[in-house]
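Below: one structure, written as structure tokens.
The values are calculated or read from the model by the stated rules, or taken from the named source; none is laboratory data. The structure presented is a predicted model; accordingly, all values stated were derived computationally and were not measured. Cβ placement follows ideal geometry from the backbone for every residue including glycine, while neighbour counts extend to all protein chains displayed. Ligands, DNA and RNA are excluded from the accessible area calculation, which covers all protein heavy atoms including side chains. Shrake-Rupley method; radii C 1.70, N 1.55, O 1.52, S 1.80 Å.
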Amino acid sequence: MSDTMIELKKADLTLGHAAASVHVLKSIDLTIGRGETVGIVGPSGSGKSTLLMVLAGLERLDSGEITINGVSLQGLSEDRVAEFRGRNVGIVFQSFHLIPNMTALENVAVPLELAGARDAFERARAELVAVGLGDRLGHYPGQLSGGEQQRVAIARALAPNPRLLIADEPTGNLDGETGRQIADLIFSKQAERAMTLMLVTHDPALAARCGRQVHVRSGQILDDGSLNQGRSAAQAGGTSALLQASKKAGA
């Protein structure tokens, strides 16, 4: 199995029509490895969220190539892309996107049922317990705090056991302390399941928690973070060597 989870080649996308059209992504090349945590940063309107939507299969490229977990999405029908997304990609949005007339349990279980899971409600219950909402299973979104709603959304994203977790400003609608708790939850689940995490954020502290930062401006990648990632790995290796040498010297 390849170590690459995401590969974009010459990815190009324009949204809108005629005078209202906007060239959102401009010939983007990007490679992300399995298990990486990647923060996508840049000014508003730079194309960050659109890039995430392309990775989720919610926006189709005009041209170029996109491969996720070894599968090229460009040649797939909408139904096949949706099926692939349901098995491989979990998505957490800033605004939660919960169904208001469904309980927390139903919000997590129904997508699993639609995907054909026979144990949908058992899996949903386990995921909600895992994110600290075992006593909120029967509550509706309007009865939950913002942080609790985002925990439901995270449980929903994790329930299919995806290889790729996409989070678009997951703490943007939360106060500082609640946002930190949600960030802790996302990173702990990423590490626990060895998922690839792609995270859009305006929060420098949250981006800094990622192992790599991709800087986007005007639909182009200014810095894909690969050099810094290599430098960090080299520094970590050097530090490890020094520690080993110190231990030997002290032995």
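Summary of values
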item	result
Listed residues 212, 85 arranged by accessible area, highest first, probe 1.4 Å	85, 212
Portion, in percent, of the accessible area of the stretch 33-103 that falls on carbon or sulfur, probe 1.4 Å	49 percent
Anisotropy class of the stretch 50-114 from Cα gyration tensor, a/c 1.5 cut	prolate
Largest-first ordering by accessible area, 1.4 Å probe, given options 60, 118	118, 60
Average accessible area per residue (Å²) across the chain - probe 1.4 Å, nucleic acids and ligands excluded	49 Å²
Within the accessible area of the stretch 112-213 (1.4 Å probe), percent carbon and sulfur	47 percent
Charge dipole magnitude, Cβ of K and R +1, D and E -1 - the chain, Cα centre, debye nearest 20	680 debye
Heavy atoms of residue 113 accessible to a 1.4 Å probe, total area in Å² rounded to 10	100 Å²
Cα gyration tensor, the chain - rounded (a/c under 1.5), prolate or oblate	oblate
